[in-house]
Amino acid sequence: MGQDKKTPVVIDDKEYTFEDMPNDQKAMVNHIADLDRKLVSARFNVEQLEVGRQAFVNMLSEALKKDEEQQEEKAA
């Protein structure tokens, strides 16, 4: 026969069973889990944005350096 699946939820170092919680507490657990996923996603997005920004800073720096070299060659 099938076994009842129990999902442990640890809050303040104390373990609770999700299935035994009232619906309002289950909703809070689900909100917390969803927010945790969103935080992980947001951190990932910030990392991508920082790397992308740095790539543009590097490209601009190289372009400015190239322009300076070309101006020096024209002046010589």
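Side notes on the structure shown:
- Look at the range 15-31: where a residue is β-branched (Val, Ile, Thr) and part of a helix (DSSP H, G or I) and a partner is surrounded by 11 or more Cβ atoms within 10 Å (Cβ to Cβ) and at pLDDT 95 or above, sitting 6+ places away or on another chain with Cβ atoms under 6 Å, you get Val29/Val9.
- Test result for Glu47, exposed (fewer than 10 other Cβ atoms within 10 Å of the Cβ), of a type in the set (D, E, K, R) and either without any contact (Cβ under 8 Å) to a residue 24 or more places away in the chain or out of contact with any Asp or Glu (no Cβ under 7 Å at 6 or more places or on another chain) (or both): no
- So Glu72, is it exposed (fewer than 10 other Cβ atoms within 10 Å of the Cβ) and not polar (S, T, N, Q): yes
- When the range 35-76 is filtered for residues that are within 11 Å of the chain's Cα centre (by Cα) and of a type outside the set (A, V, I, L, M), the ones remaining, listed by number, are Asp36, Arg37, Lys38, Ser41, Arg43, Phe44, Asn45, Glu47, Gln48.
- Test result for Val9, surrounded by 10 or more Cβ atoms within 10 Å (Cβ to Cβ), of a type in the set (A, V, I, L, M), in contact with a strand residue (DSSP E or B) (Cβ under 8 Å, 6 or more places away or on another chain) and not in a helix (DSSP H, G or I): yes
The values are calculated or read from the model by the stated rules, or taken from the named source; none is laboratory data. Treat the numbers as computed from the prediction; the structure is a model and nothing was measured. All Cβ positions, even for glycine, are placed from backbone atoms using ideal geometry, and neighbour counts span all protein chains on display.
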